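Following: one structure in structure tokens, then a few remarks.
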Amino acid sequence: MHNLLRHVNSGKVEWVTSSFLILTLLLTFTAVPAYLWSFGWDWVLFGLFIAFYVATAMSITVGYHRLFSHKAFKAKWPVKLFVLLFGAAAFENAALWWSSEHRKHHNHVDTDDDPYDITKGFFWAHIGWLMFKLKPDSPIENVQDLKKDPLVMWQFRWIHLIAVVVGFGLPTLLGYLYGVVSTSIDPWVAALGGFLIPGIARTTFVQHGTFCINSLCHMIGDRPYSTECSARDSWIAAIFTMGEGYHNYHHEFQWDFRNGVKPWQLDPSKWIIWTLSKIGLTSDLKRVPKERILLAETRETRRRLQSRIDLMVETGEEDDPLYLKTMNLLQELAERLSEICKELQDATHDKLALSKAKLKELRQEVRAMLARIENCRLPSLA
């Protein structure tokens, strides 16, 4: 808490942004329950909530993040227009600004130049960086490629109008029209429901889903690919963020159109991008070669092994038979991991694709060694 107050007290309050974030959150947990208490549950309004949630959340993950920020694929203008319209409706600012801040995050992760630096604490990374400014706003200079896109610049110029019309006006209108054709609800009551449920409440849930990537996914989860930064893989976060929870992989391979790279990992955003490619609306989907992915996992496994060896050297007794046996085992594993790294490095450097059988064999071997390392009891701790 002291760390939080130190950063907040030295910053300038962004009153408009702070007021919006606080008001929408309060309305979600006061006005929405009051509406449901007064008028009851309505499946049509709930359906509109789901539809707008998916449309706006996907526009952030597919559009703002993977398309504009990382150039992980190319898209035709109908896709761009859709994600720019409904991305604006998420009330996370324009794609140009969002991408600029996100590129800064990747270039300066876990440092003072990281806009949502997790080292300043959960609150700062989650929402504080939007509510307070520790530094003067810097020019948007790292998105020159996006400034050449007329649709991106059109959205940038009209972002606030688009956000209000699509984010609040459209669900309110659809609610009213539902009330007109329905005999079970008054049009104005339905319009209010459209404003509150797929409008206000949906905005709150989408925003905090995005914010959790900046906060929770730098605090909770595994780091199977790299420990050089705080980013972590969290299958729980992936559930409500359209697949963005596999954040350790993303920070290691940010240009891949996939976040959940394993077959069992939930990543609806990659499925949408892939499906659109089959009908010609997206193209040039970038993928990290499997050899390079396994190389990252192997290097991380070797790093964990080296940490075990270093700990044994510091705390073990060299004349202890158990110490010698364990050290020999760990050194054998280290030698084998180095051999696998060399084989994968050569394949990556020479752009040689290993057979599926060979990759499966190496992957299983690395994971088996990782399990042995994690289950190995050090003599000094036994």
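The values are calculated or read from the model by the stated rules, or taken from the named source; none is laboratory data. These figures come from a predicted structure and were not determined experimentally. A quick note on method: Cβ atoms are made from the backbone with ideal geometry, for glycine too, and the neighbour counts reach across all protein chains shown.
Tally up the residues in region 42-58 that are more than 19 Å from residue 189 (Cβ to Cβ) and surrounded by fewer than 24 Cβ atoms within 10 Å (Cβ to Cβ), please.
6
Let's see how each residue does on (1) in contact with a helix residue (DSSP H, G or I) (Cβ under 7 Å, 6 or more places away or on another chain); (2) part of a helix (DSSP H, G or I):
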{"residue": "228", "(1), (2)": "no, no"}
{"residue": "237", "(1), (2)": "yes, yes"}
{"residue": "243", "(1), (2)": "yes, no"}
{"residue": "248", "(1), (2)": "no, yes"}
{"residue": "270", "(1), (2)": "no, yes"}
{"residue": "273", "(1), (2)": "yes, yes"}
{"residue": "277", "(1), (2)": "no, yes"}
{"residue": "294", "(1), (2)": "yes, yes"}
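Within region 169-198, work out how many residues are of a type outside the set (Val, Ile, Thr), without any contact (Cβ under 8 Å) to a residue 60 or more places away in the chain and either closer than 13 Å to residue 88 by Cα or assigned to a helix (DSSP H, G or I) (or both).
Residues meeting the conditions: 9.
Being more than 22 Å from the chain's Cα centre (by Cα) and either in the same structural domain as residue 73 (by TED's automatic domain parsing) or hydrophobic (A, V, I, L, M, F, W, C) (or both) is the filter here; which residues of region 292-318 pass it? Before you say what the answer is, go through the steps one by one.
Going residue by residue through region 292-318, those that are more than 22 Å from the chain's Cα centre (by Cα) are 295, 298-299, 301-318.
295, 305, 309, 311, 312, 313 - these are the residues of region 292-318 that are more than 22 Å from the chain's Cα centre (by Cα) and either in the same structural domain as residue 73 (by TED's automatic domain parsing) or hydrophobic (A, V, I, L, M, F, W, C) (or both).
Within region 103-129, can you find the residues that are among the β-branched types (Val, Ile, Thr) and assigned to a helix (DSSP H, G or I)? So that I can check it myself, show each step before the final result.
Start the filter on region 103-129 by keeping residues that are among the β-branched types (Val, Ile, Thr), which leaves 109, 111, 118-119, 127.
Correct list: 118, 119, 127.
Would you please name the residue that is surrounded by the most Cβ atoms within 10 Å (Cβ to Cβ), looking only at residues in region 208-231 that are more than 14 Å from residue 106 (Cα to Cα) and of a type in the set (D, E, K, R)?
223
Here are some conditions: (1) closer than 18 Å to residue 192 by Cβ; (2) touching a residue at least 40 places away in the same chain (Cβ under 8 Å); (3) surrounded by fewer than 16 Cβ atoms within 10 Å (Cβ to Cβ). Residue 33 meets all but one. Which one does it not meet?
Of the numbered conditions (1) closer than 18 Å to residue 192 by Cβ; (2) touching a residue at least 40 places away in the same chain (Cβ under 8 Å); (3) surrounded by fewer than 16 Cβ atoms within 10 Å (Cβ to Cβ), the odd one out for residue 33 is (2).
Which pairs have Cβ atoms under 9 Å, sit 6 or more apart or on different chains, and link a residue in region 111-133 that is hydroxyl-bearing (Ser, Thr, Tyr) to one that is assigned to a loop (DSSP other than H, G, I, E, B)?
111/117; 116/215; 119/110; 119/111; 119/112; 119/230
Considering every residue within region 235-242, establish whether at least one is out of contact with any Leu (no Cβ under 8 Å at 6 or more places or on another chain), over 24 Å from residue 80 (Cα atoms) and touching a residue at least 60 places away in the same chain (Cβ under 8 Å). Outline the logic, then answer.
Kept after step one, since they are out of contact with any Leu (no Cβ under 8 Å at 6 or more places or on another chain), are these residues of region 235-242: 236, 240-242.
So of that shortlist, the ones also over 24 Å from residue 80 (Cα atoms) come out as 236.
From what's left, touching a residue at least 60 places away in the same chain (Cβ under 8 Å): none.
Scanning region 235-242, I find no residue that is out of contact with any Leu (no Cβ under 8 Å at 6 or more places or on another chain), over 24 Å from residue 80 (Cα atoms) and touching a residue at least 60 places away in the same chain (Cβ under 8 Å), so the answer is no.
Tell me which residues, restricted to region 59-74, are in contact (Cβ under 8 Å) with a residue 60 or more places away in the chain, crowded, with 21+ Cβ neighbours inside 10 Å and not in a loop (DSSP other than H, G, I, E, B).
Scanning region 59-74 gives 60, 61, 62, 65, 66, 68.
Residue by residue, here is whether (1) touching a residue at least 60 places away in the same chain (Cβ under 8 Å); (2) in contact with a His (Cβ under 7 Å, 6 or more places away or on another chain); (3) not in a loop (DSSP other than H, G, I, E, B) holds:
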| site | (1), (2), (3) |
| --- | --- |
| 224 | yes, no, no |
| 231 | yes, yes, no |
| 257 | yes, no, no |
| 265 | no, no, no |
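Which of the following residues is closer than 26 Å to residue 133 by Cα, β-branched (Val, Ile, Thr) and touching a helix residue (DSSP H, G or I) at 6+ places or on another chain (Cβ under 6 Å): 61, 119?
That would be 61, the only listed residue that is closer than 26 Å to residue 133 by Cα, β-branched (Val, Ile, Thr) and touching a helix residue (DSSP H, G or I) at 6+ places or on another chain (Cβ under 6 Å).
Can you spot a residue in region 40-53 that is within 30 Å of residue 285 (Cα to Cα), in the same structural domain as residue 155 (by TED's automatic domain parsing) and in a loop (DSSP other than H, G, I, E, B)?
No, region 40-53 contains no residue that is within 30 Å of residue 285 (Cα to Cα), in the same structural domain as residue 155 (by TED's automatic domain parsing) and in a loop (DSSP other than H, G, I, E, B).
Restricting region 349-382 to residues that are at pLDDT 75 or above and among the acidic types (Asp, Glu), which is surrounded by the fewest Cβ atoms within 10 Å (Cβ to Cβ)?
Only one residue fits best here, namely 361.
To keep it simple, each residue is scored yes or no on (1) in the same structural domain as residue 42 (by TED's automatic domain parsing); (2) part of a helix (DSSP H, G or I); (3) surrounded by fewer than 15 Cβ atoms within 10 Å (Cβ to Cβ).
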residue: 140; (1), (2), (3): yes, no, no
residue: 145; (1), (2), (3): yes, yes, yes
residue: 155; (1), (2), (3): yes, yes, no
residue: 166; (1), (2), (3): yes, yes, no
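This table checks each residue for (1) aromatic (Phe, Trp, Tyr); (2) at pLDDT below 95; (3) farther than 27 Å from residue 21 by Cα.
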site: 152; (1), (2), (3): no, no, no
site: 156; (1), (2), (3): yes, no, no
site: 187; (1), (2), (3): no, no, yes
site: 195; (1), (2), (3): yes, no, no
site: 204; (1), (2), (3): no, no, no
site: 208; (1), (2), (3): no, no, no
site: 223; (1), (2), (3): no, yes, yes
site: 239; (1), (2), (3): no, yes, no
